[in-house]
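Just so it is clear, none of the values below were taken in a lab; they were calculated from the coordinates. All values derive from a computational prediction rather than experimental measurement. Because the Cβ atoms are built from the backbone with ideal geometry, glycine has one as well, and the counts that use them run over all protein chains shown.
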Amino acid sequence: MSTQPVTDSSPWPTASDAARLIGHLESLLGREGIAEDYVRLRIELLRAQADALETLAEAPPPLPSPGVDEGPPLVRFAPMSVDPGVARALFARVAAACVARAREGTGLRRFERAVEDQRDLLDELVRFAAVPDEWPFAGLAERLDVPVEVLLLVARVTAAPLVTDTARRLIGAGNLPRSSKGNCPVCGAAPGLAELRADDGARVLHCSLCGHAWPFGRLDCPICVGRDPMGIEKLSVEGDPARWIEACRPCRRYLKTVDRRELPPGPFFPLVEEVAGLYFDLLAAREGWLPGPPYAAVR
């Protein structure tokens with residue numbers, strides 16, 4: 001893999017971008033095949049994330065040492081400065097939004113109480129949020145009797161603005177990420193969406209946590225980094241030539257793909273595509289494919 005700097009063609013999200021993104025999420029409401037409760041939840045979560053970004057922009061914590069010479073990811077989570085006040089306020093809003101829409105028995109209130117009682121737990125969850133798999137959360141999910149996917153969503157939505165703020169300030173200070181073997185070169189998280197660019201069809205991956213975008217080989221699985229085009233299975237829905245799932249037989253993981261050459265010109269929001277494409281997750285689950293970590297980026 002190349003070690004040349006990887007640059008992002010679109011700007012890092014700011015709190016002022018959230019209103020436009022929320023507007024596009026709201027435009028999904030009423031469309032056929034859209035899970036409206038999920039859309040409303042993501043809008044509420046995005047508002048909480050945007051407020052956290054705004055607070056961090058006004059009084060940012062100290063920047064960590066990026067450790068660029070050690071290779072990706074650019075953001076090192078061990079020394080990352082996490083503002084405890086911002087993190088706790090954001091977690092409270094994220095958890096409350098999820099509790100309000102959760103089914104009984106999800107264990108979210110136990111999760112809330114655990115974070116209140118164990119002062120280091122939230123900090124630990126934020127630092128684990130970029131791990132591309134769910135293994136750091138499995139033990140805690142079992143102990144709290146909380147579904148691991150619920151734990152992952154709350155932790156990652158809470159972590160995303162904190163990681164994004166750190167990443168954009170590091171890059172703004174002149175620190176460039178290098179290429180990676182599949183995970184985000186900025187924060188180390190797994191990609192949440194693949195885009196085929198409108199101008200040349202090249203493949204770009206969008207980070208599911210910090211929102212960074214980077215080029216990646218068209219025939220590679222970014223999860224297991226296997227180069228086996230015969231091992232990739234495409235799942236599509238009739239009538240939608242712009243969107244499909246690419247599932248990897250060796251690792252059983254899948255990634256949603258959007259071909260912008262099949263879309264009208266206009267802005268592109270990975271979060272909107274992720275939320276609108278919930279039916280693809282249901283299709284993949286029915287076929288036995290495994291999802292990546294929940295998409296949490298403010299983008």
Problem set entry | Relative contact order for the chain, counting Cα pairs under 8 Å that sit 6 or more residues apart, in percent | 21 percent
For this session: State, as an integer percentage, the relative contact order of segment 17-172 based on alpha-carbon contacts under 8 Å between residues 6 or more apart.
Result: 27 percent
Problem set entry | Gain on full stretching of the segment that runs from Glu287 to Arg261 - 0.36 nm per residue minus C-alpha separation | 6.6 nm
Problem set entry | Cysteines, the chain, no other Cys beta-carbon under 4.7 Å | Cys98
Exercise. So what's segment 191-287 giving for Cα Rg divided by 2.2 N^0.38 Å, two decimals?
Worked result: 1.01
Problem set entry | Charge-dipole axis of the chain as Lys and Arg at +1 and Asp and Glu at -1 on Cβ define it, positive-most pick from Leu278, Cys248, Ala114 | Cys248
Problem set entry | Choice from Gly266, Gly288, Gly107 showing the highest fluctuation, given a GNM over the chain with Cα pairs closer than 10 Å | Gly266
Problem set entry | Rg over Rh, two decimals, segment 17-172 (C-alpha only, Kirkwood Rh) | 0.98
For this session: Considering Cα pairs under 8 angstrom that are at least six residues apart, work out the relative contact order of segment 235-299 and quote it in whole percent.
Result: 31 percent
Seminar exercise, completed: So, with points 7 Å from each Cα along the Cβ direction, the Leu176-Glu124 label distance in nm works out to 3.9 nm
Exercise. Given the Cα-Cα distance of Arg20 and Asp133 and 0.36 nm per residue of separation, how much length would full extension add, in nm?
Worked result: 37.6 nm
For this session: In vacuum, with every alpha carbon of the chain counted as one equal point scatterer, what does the Debye formula give for log10 I(q)/I(0) at q = 0.07, 0.10 Å⁻¹? Two decimals, please.
Result: -0.24, -0.52
Problem set entry | Pair Asp199, Arg110: separation of 7 Å Cα→Cβ label points (nm) | 5.2 nm
Exercise. Spin-label point model (7 Å from Cα, Cβ direction): what's the Ala92 to Cys251 distance in nm?
Worked result: 3.9 nm
Exercise. Of the listed peptides 113-119, 145-151, what is their order by residue-averaged count of other C-beta atoms within 10 Å, with the highest listed first?
Worked result: 145-151, 113-119
